[in-house]
Amino acid sequence: MTDPEGFHEFVTARGVALSRTAFLLTGDHHTAADLVQEALAKTAARWRRIAAGGNPEAYVRTVMLNQLRTWRRPRRLAFFAAAEVPETAGPDESGGSDRKIMLARALAVLTPRQRAVLYLRFYEDLSESQVAARLNCSVGTVKRHTHDALGRLRAVAPQLLGASEEARS
């Protein structure tokens, strides 16, 4: 399929705004990207008629809303009676949610500077000197904040320490 005249320019000019709208609708970057892609694919098929209508962005936004409703529409599931009841249930995966909530509460106890140091050291995997440069402080300050923050986390949520040791093994 050849690019309908003006479609590429429209996507280039309004793509970022459409992505922002999709993110506000979905709350997730990946789902938002899928939503924009799906809406633009449907729009491209009818581009000449849509462009002649005068407001293609409004059309794309309407397509995005309709597509999102389609994705969220409950599906009817067919249930079949099993000959036998399974003997064991599946694994309990609710523990991950509990740990996330526990971690969020524990991190809320830390000062903003301690959270920043932990984030840069362990999430961004920066060295102490890189963290010091990023936060405009000394390496000793970074070490002190790291030590204090980890000690505070151990005191507030010792269960997290056990969870991290389980994940390593």
task = Pop a pseudo-label 7 angstrom from the Cα along the beta-carbon direction at both E84 and H29 and give the gap in nm to one decimal.
result = 4.8 nm
ask   = By how many degrees, 0 to 90 and rounded to 10, does the Cα axis of helix 7-26 deviate from the longest principal axis of the chain?
value = 50 degrees
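Distances longer than 19 Å among the Cα atoms of region 3-87: what percent of all pairs is that? All intermediate terms of the calculation are to be shown ahead of the outcome.
Working: 1631 of 3570 pairs.
Percentage above 19 Å: 46.
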key: Per-pair calculated FRET efficiency, R0 = 35 Å: M102 and R20 via Cβ, rounded to 0.05   = 0.60
key: Net charge, R152 excluded, C-beta distance under 13 Å - Lys, Arg +1, Asp, Glu -1   = +4
message = Restricting everything to alpha-carbon atoms, can you work out Rg to Rh for the chain with a Kirkwood hydrodynamic radius?
response = 1.18
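Under a Cβ-Cβ cut-off of 11 Å, what is the net charge of the residues other than Q67 that fall near it, where Lys and Arg count +1 and Asp and Glu count -1?
On the way: positive: K42, R61, R69, R72, R73; negative: D34, E38.
Within the 11 Å Cβ shell, the charges total +3.
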query = Could you give the length gained on full extension between A52 and W71, defined as 0.36 nm per residue of separation minus the Cα-Cα distance, in nm?
reply = 4.0 nm
key: Folded to 0 to 90 degrees: helix 158-168 orientation relative to the chain principal axis, Cα   = 70 degrees
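Would you mind counting up the charge near A116? Only other residues with Cβ under 15 Å from its Cβ, with Lys and Arg at +1 and Asp and Glu at -1. Mind showing how you got there, number by number?
Details: positive: R113, R115, R121, R134, K143, R144, R152; negative: E124, D125, E128, D148.
Computed value for this residue: +3.
Throughout, read-outs are computed from the coordinates displayed, never taken from laboratory work. Predicted, not measured: the structure shown is a model, and the values here were computed from it. Because the Cβ atoms are built from the backbone with ideal geometry, glycine has one as well, and the counts that use them run over all protein chains shown.
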